[in-house]
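Have a look at the structure below, then the notes.
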Amino acid sequence: MAFAFMLSAQDGQRRGGFQMTPEQQEQYYATMKKDLSLTDAQLNGIKKIETEYRTKMQAAREKADGDRDKMREEFTKLRTEQNAKVKPLISAEQFKKYEEMQAQRRPQGGGNR
């Protein structure tokens, strides 16, 4: 299973970003619900917001046409907007953990791949 996840992640990175399968997304949200002690309503709100911003980030990636600086700038703006929408749905403690989870999901570094 871990091997399949690694292959999927590598394939997603080749296409210009990390793409989770539906199964991986469900696992991610199950972990988020548990780790943040979210209610179903909170989790559903976060899913809706993340789906909206996943689409916006994909469009930004395509629009940047390989310009990493432009893409990074747009992603930062979109993550700020996304967090502003998530924050009112959850407690301050939950939001802190949410931000930590998001930071762990983002690729670190930025050297040539």
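Total residues in region 37-62 satisfying the condition of being among the small types (Gly, Ala, Ser) and at pLDDT below 95: the figure is 2. On the stretch given as region 19-66, residues that are surrounded by 11 or more Cβ atoms within 10 Å (Cβ to Cβ) and under 15 Å from Pro88 (Cα atoms) total 12. For region 15-48, residues that are closer than 13 Å to Tyr98 by Cα and under 13 Å from the mean Cα position of the chain (by Cα) total 5. Contact annotation: residue pairs with Cβ atoms under 7 Å, 6 or more positions apart or on different chains, pairing a residue in region 27-46 that is within 12 Å of Val86 (Cβ to Cβ) with a partner that is basic (Lys, Arg), are Leu36/Lys97; Leu43/Lys33.
The values are calculated or read from the model by the stated rules, or taken from the named source; none is laboratory data. All figures in this text were calculated on a predicted structure; none of them were measured in a lab. Cβ sites come from the backbone with ideal geometry, for glycine too, and all protein chains shown count toward neighbours.
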